[in-house]
Amino acid sequence: MPGTHSAKDIHQEIICSTPPACSSRAAAFTELQPLMANPDPPTERDDSPVDKDPEQPGPRNQQRARACFLKGLSYFSGDMKVFGKWMERQFFLLQLLDWVLRGAAQVMFVNNPLSGLIIFAGLILQNYWWALNGFVGTLFATISALILQQNRGAIASGLYGYNGILVGLLMAVFSDKGDWYWWLMLPNIFLSMMCPIVSSALASINSRWDLPVFTLPFNILVCLHIVATGHYNHYFPQVLIQPRTELPNITWADIDVSRLFMSVPVGVGQVYGCDNPWTGGIFIISLFISSPITCAHAVLGSAVGMVSGLALAAPFGDIYFGLWGYNCVLACIAIGGMFYALTWQVHLLAIACAFFCAYLGSAIANIMSTFGLPSCTWPFCLSALTFLLLTTGISRIYKLPLAKVTYPEKNLRYYWKLKKQEKIQMADKERMESEEEQKHVKEEMMVNEKDQLRQKLERLEEQRSAGEASDDKDEETRVKSHPPAVKLLGTEDVRHSDLTEVTVADSV
Amino acid sequence: MPGTHSAKDIHQEIICSTPPACSSRAAAFTELQPLMANPDPPTERDDSPVDKDPEQPGPRNQQRARACFLKGLSYFSGDMKVFGKWMERQFFLLQLLDWVLRGAAQVMFVNNPLSGLIIFAGLILQNYWWALNGFVGTLFATISALILQQNRGAIASGLYGYNGILVGLLMAVFSDKGDWYWWLMLPNIFLSMMCPIVSSALASINSRWDLPVFTLPFNILVCLHIVATGHYNHYFPQVLIQPRTELPNITWADIDVSRLFMSVPVGVGQVYGCDNPWTGGIFIISLFISSPITCAHAVLGSAVGMVSGLALAAPFGDIYFGLWGYNCVLACIAIGGMFYALTWQVHLLAIACAFFCAYLGSAIANIMSTFGLPSCTWPFCLSALTFLLLTTGISRIYKLPLAKVTYPEKNLRYYWKLKKQEKIQMADKERMESEEEQKHVKEEMMVNEKDQLRQKLERLEEQRSAGEASDDKDEETRVKSHPPAVKLLGTEDVRHSDLTEVTVADSV
Amino acid sequence: MPGTHSAKDIHQEIICSTPPACSSRAAAFTELQPLMANPDPPTERDDSPVDKDPEQPGPRNQQRARACFLKGLSYFSGDMKVFGKWMERQFFLLQLLDWVLRGAAQVMFVNNPLSGLIIFAGLILQNYWWALNGFVGTLFATISALILQQNRGAIASGLYGYNGILVGLLMAVFSDKGDWYWWLMLPNIFLSMMCPIVSSALASINSRWDLPVFTLPFNILVCLHIVATGHYNHYFPQVLIQPRTELPNITWADIDVSRLFMSVPVGVGQVYGCDNPWTGGIFIISLFISSPITCAHAVLGSAVGMVSGLALAAPFGDIYFGLWGYNCVLACIAIGGMFYALTWQVHLLAIACAFFCAYLGSAIANIMSTFGLPSCTWPFCLSALTFLLLTTGISRIYKLPLAKVTYPEKNLRYYWKLKKQEKIQMADKERMESEEEQKHVKEEMMVNEKDQLRQKLERLEEQRSAGEASDDKDEETRVKSHPPAVKLLGTEDVRHSDLTEVTVADSV
């Protein structure tokens, strides 16, 4: 959910849309300009060696094959820009399906319909009814955004759908009436349609700090529904959640290591409220397809959450169930490469954020259980917003402008390009300065030559007019007396004045 | 409570102060200017046909009578600007009374002392002690604002009083010591005097998004008082409010339709904490006097709240008691014409907001009951702020700048005027462009003529100087050689250069 | 904790660093400039009579002695700028110690290492283990800020340490495992190191309104820790805090007046979670060393808190324990001279804020006890922020820009200087206007004289050239025809044109 892509950005970015293959070309292209201007070859180049040795035939075939492979890969990895572009010319219902699928994946910050499709597969594996509710939620949230004429680019990126899918799913998950209670569709549709309104309102506030809204609309609306109805409601009763007044004794001997390891994919699955480890595994695959960095941080986050749970003496059941993981998954993805450009410092920051998120998760779960509420993804939202608001003097921690956020790999390229541009600008500046100096030297020479020429001309005139009347001498002295006055005018006028002088001299 | 009227705005607005009668005149006046400039008559005119046929005597008398009636009406409807203007020259205590009455009505966004008087009558009908506390609260809130030298225009509009009346009233309503417990006056006065401070602080934040503070100061201060003292306090005990752990069974047969219908005025009355349907009815009348649109939306909001209560399986008692209505009343008024210009889209938005507000009301009531707190008007504030923060591409949903907010009818006229101005500007722009083109054509012709004239002049000169000495020929070539040098000057200098050329030529 | 001193400010302020002695000099210096320009002596002067009568030898010795005393005093009172400057050249660990000590004192808004040392002495008197935890917290918070490359000036002022000391202290105070439970160091270090991150994030938000972050990071992090672990945690159990369901009967006969008076220093001590009255007394002394105004407002705030507790029927035990005082202490210091320049109006505002803070304290304590949380310093933060957001038309309530906040005495001098500058500017403006008029008159005279001179010159030229050839007459007419063209140039060029004219005239 990379904030607000304006349609403009999307068009600009379409130029180098196919990530891995095109990257080298884009890099080569952006490097061409400085290469033309700057004779020194750049020392640090991150492009693949595709275009480097066009003479050697052997490697070239390999490179071609690799390029073809990468290009093929680019069609369904990253944010699938080419596919999105192609979709724009299709039937409206197909487009809507694309947006819904992208919306489903945007929960994990992935703007990829294929990932969305796989995620829906995972949801179906978990529970048909939940998957249906999730689909309805995404669909109506997207439709509501269309009705309210929100930014078309943002809708097409699924940025208005991801809150809808979470609202739909979690309302089904926390409903105490069990599956296939069709009346639930009513509040589901109503609250899904409220999503774009709450998103838009929160964006008005968060945009002042260039922050995304994350899953805050989902958190607000689902908590609203659960607390408005509660466990004892006759129409829409909720699962009973009560504050813990006692914690079970923890004996390290009881620990089940295999279930502990299983809690990592379960933690990923719990982002969508799913406790099936296979579903979690499918979600991990769907992330890998779009962005390996996102996938790695998701797994890392889930592991950090598990460790935090153990450190804070949480009941093993909660850890196995992935409740300590899902917020950390999201926080780790958000900080680790999504909204910051991934460097080692940012990687450490992402781990710190995941630990903080786990702590916060425990705190918020305890507070919200007082009201019979689950903690939803509040901990993720609050910890990620805190870490995004951080200002630091470390230059290697670079927060991307919200309009430039796409997916970690592309963000990284953007960051590298920026760094390179800075270097080039620095070099350019130096070069400019040296050139400026040379120019000055040349100009002085020119001026001297000009002066000499003028003096020659004057001498010629003198010789020519030597035979004429004595009155003309006054005129000449006037011409000579001009320059000091002319110096006071602007540089543009100097040349012009020179010209007039010359004409005056001619006319004499 | 239309945010912050600066005194300046008030003076600007006084020009067309008397709403219904003056509207046609104001419209006619604003149309005069474009009519003078633009010969085409505007096709869409929304003014009444009063000034259209000044020849016909029959309808004119009718129109006069109608204008008189409307003018008379304007003296006590709308925001009673004329009365307010007249009040400025009166004795201070009378002014203060005017401000207090306006403050009482501003709870419903009505800036009208007559409505305020009627509202106080309704309060007295409900409970003498409550009315007294409300009056004291409004009075001291206004005095505190005067001491703190807040904006005089805002004070005169009652914008510092409405939180005071609610603080005073609700502290009396929730006090467990019963009526005529005089010690209550102490915290009442203290918290009323805190109102302008909290209002000012919140306005500093909300003004960044051009949002009003609504009844947030009241919510904060009353919740502060109730939770600071609580049910078990010895001096200021509060009514016991406890979270619901069980809901009564709902049997549709038990429903009392007459009480259900009665819940609509009761809901309006509950804005001031009154459960008497007659009081609610009086409040509805007071709204109608000032602004029929406000009145309609108040009733609509109350009805929406009642329906929401039924939909969410609320106990019938709560619905009859108006607890589901009062927040929706305020939310529906705020969105439906007060802060947005009323169009059909905005009307639908207001209904959506009322539903959302009812949902939110149930949620907040459940959460706050955990702390022994009533939900006050938090649901209204939060839902209305959310809907005011909404940004949409729909041009017919126009949020008024806070400084321009008055009352729905006038807001609507402002919006229409704006739309008309836009159209005129569009037309003007087109006209300007066509004129610009014509100008260009003319100028080119002028230039050509000039050139011809110059050439003639030159030819004349040539003829004249043909018989003179050969030295003059050099001079002539100079004149001819000038133009390229002159081209380097700006267009302004060209004319001037022409002049010098001519003088030079003359001096030859 | 005066917001964010940039290093620049600190360098600027170092010029007049030694408060009481140097103040007169600084004042004298700033007054010199206007004195030179303005012959009238300023009527209101707040400098000491040191420089007034340099002839009299008797008083001069006294003054010298007094100046010496004040200068000596300045070395360890105020913010000890000279010492801080000297520290910059010392060994890093010594510097770090300075920052840690300043951080300890910054809880009370005091930027003074000596106060910090005394405060640590008070903490040791209270409890060794708490003092150790406080020290570790401050140390790691400062180190974390260094790692995150936060503003060096802010770190050197202890602005990143004060949340750390509170986190460390209060985690030890609320731990249910008793003293010397070494595992507590782990969350202590983790949360202390989170302080600068949360501070930085909050500062990003609060800086939009030019507000400090106060102790919000501490509040957030300690509440986080307590609620995340809770009373029943196996590793880090917390002291059990439960909501009060009944209040003990209050009989005024039971009141212990001596303990009531003792509650004033205990209230000051409770800022650091200490209930020992001697520790509180030591804290009061440490405040007095740095800033008597701060000290006075601390005591006043604690007294107001006690009175509020009595007024709201709080159990006597809570009042004796200082729980009603510490928030008011901080609120009263913050408003009374620290962020507002101290005038009588501000003094009254500070008392109002202390009362409001006590009210708020009771409310927040009741709410947070539901979650087993102490109220920390939330009431202080919220009430002080509210009063700092207040906008008022009263000119004597002047909120200092955050970058200019130091300590009350210096803030006051800054305010006086500003007032004086305003007066001087006003006077200057008037003087400027009168001078401008005089200038105009003079210029007109000059122009007239110049014209006369030129005319004389021209007449001379005419007489000289009267005997020369008739061709020169053309030249003269050309010279005369120049002026109208020259008039079109800027005023600067006019003089230059005059010069050329003269040269032209000369060359003729």
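The values are calculated or read from the model by the stated rules, or taken from the named source; none is laboratory data. Quick caveat, the model's predicted, so the values are computed rather than measured. Virtual Cβ from ideal backbone geometry, glycine too; neighbours counted across all protein chains shown. Areas reflect the complete protein model, heavy atoms only, side chains present, ligands, DNA and RNA absent. Shrake-Rupley method; radii C 1.70, N 1.55, O 1.52, S 1.80 Å.
The table that follows gives values for the structure above.
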| read-out | value |
| --- | --- |
| Candidate set: the stretch C:380-396, residues that are of a type outside the set (Ser, Thr, Tyr), at the interface with chain B (Cβ under 10 Å from one of its Cβ atoms) and outside any loop (DSSP other than H, G, I, E, B); chosen: the one surrounded by the most Cβ atoms within 10 Å (Cβ to Cβ) | C:Phe387 |
| Within the stretch A:117-144, tally of residues that are in contact with a Ser or Thr (Cβ under 8 Å, 6 or more places away or on another chain) and open to solvent by less than 10 Å² (accessible area, probe 1.4 Å) | 7 |
| Criterion (touching a residue at least 24 places away in the same chain (Cβ under 8 Å) and crowded, with 23+ Cβ neighbours inside 10 Å) met by exactly one of C:Gln95, C:Gln106 | C:Gln106 |
| Near pairs, Cβ below 8 angstrom, 6+ apart or cross-chain, from the stretch C:111-128 (more than 10 Å from C:Thr279 (Cα to Cα) and in contact (Cβ under 8 Å) with a residue 24 or more places away in the chain) to any residue that is open to solvent by less than 40 Å² (accessible area, probe 1.4 Å) and charged (D, E, K, R) | C:Asn111/C:Asp79; C:Asn111/C:Arg102; C:Asn112/C:Asp79; C:Asn112/C:Arg102; C:Pro113/C:Asp98; C:Pro113/C:Arg102; C:Gly116/C:Arg102 |
| Options C:Gln452, C:Gln463, C:Gln421: the member that is more than 30 Å from C:Leu169 (Cβ to Cβ) and either exposed (fewer than 10 other Cβ atoms within 10 Å of the Cβ) or in contact with a strand residue (DSSP E or B) (Cβ under 6 Å, 6 or more places away or on another chain) (or both) | C:Gln463 |
| The listed residue being open to solvent by 90 Å² or more (accessible area, probe 1.4 Å), among the hydrophobic types (A, V, I, L, M, F, W, C) and at pLDDT 90 or above, out of B:Met426, B:Met445 | B:Met426 |
| Test: residue in the stretch B:274-295 that is at pLDDT below 95 and farther than 30 Å from B:Leu73 by Cα | yes |
| A:Cys376, sole failed condition from (1) facing another protein chain (nearest Cβ under 8 Å); (2) of a type outside the set (Phe, Trp, Tyr); (3) at positive phi | (1) |
| Condition check for A:Ser200: touching a residue at least 60 places away in the same chain (Cβ under 8 Å) and open to solvent by less than 10 Å² (accessible area, probe 1.4 Å) | no |
| Close pairs (8 angstrom Cβ cut-off, 6 or more residues apart or separate chains): more than 9 Å from chain A (Cβ to nearest Cβ) in the stretch B:359-372, part of a helix (DSSP H, G or I) anywhere | B:Met368/B:Cys223; B:Met368/B:Trp378; B:Phe371/B:Val227; B:Phe371/C:Asn366; B:Phe371/C:Ile367; B:Gly372/B:Ile226; B:Gly372/B:Val227 |
| Members of the stretch C:178-197 that are in contact (Cβ under 8 Å) with a residue 40 or more places away in the chain, within 9 Å of another protein chain (Cβ to nearest Cβ) and open to solvent by 20 Å² or more (accessible area, probe 1.4 Å) | C:Met193 |
| Verdict on B:Pro401 being touching a residue at least 24 places away in the same chain (Cβ under 8 Å), surrounded by fewer than 24 Cβ atoms within 10 Å (Cβ to Cβ) and over 23 Å from A:His231 (Cβ atoms) | yes |
| Breaking point among (1) under 19 Å from B:Ile289 (Cβ atoms); (2) at pLDDT 95 or above; (3) aromatic (Phe, Trp, Tyr), for B:Trp86 | (2) |
| Filter result (within 13 Å of chain A (Cβ to nearest Cβ) and either surrounded by 21 or more Cβ atoms within 10 Å (Cβ to Cβ) or modelled with pLDDT of 95 or more (or both)) within the stretch B:315-330 | B:Trp324, B:Asn327 |
| Those helices (runs of 4 or more DSSP H) lying entirely in the stretch C:203-303 with at least 2 residues within 14 Å of chain A (Cβ to nearest Cβ) | C:216-229 |
| Any chance C:Val82 is surrounded by fewer than 23 Cβ atoms within 10 Å (Cβ to Cβ) and either in contact with a Phe, Trp or Tyr (Cβ under 7 Å, 6 or more places away or on another chain) or part of a helix (DSSP H, G or I) (or both) | yes |
| Hey, A:Leu388 modelled with pLDDT of 95 or more and within 22 Å of the chain's Cα centre (by Cα) or not | yes |
| Sole residue being over 24 Å from the mean Cα position of the chain (by Cα) and buried (at least 24 other Cβ atoms within 10 Å of the Cβ), chosen from A:Leu312, A:Leu360 | A:Leu360 |
| Cross-chain or 6+ apart pairs with Cβ under 6 Å, the stretch B:384-397 first and within 18 Å of A:Ala154 (Cα to Cα), then part of a loop (DSSP other than H, G, I, E, B) | B:Thr392/A:Leu148; B:Thr392/A:Gln149; B:Gly393/A:Gln149; B:Ile394/A:Gln149 |
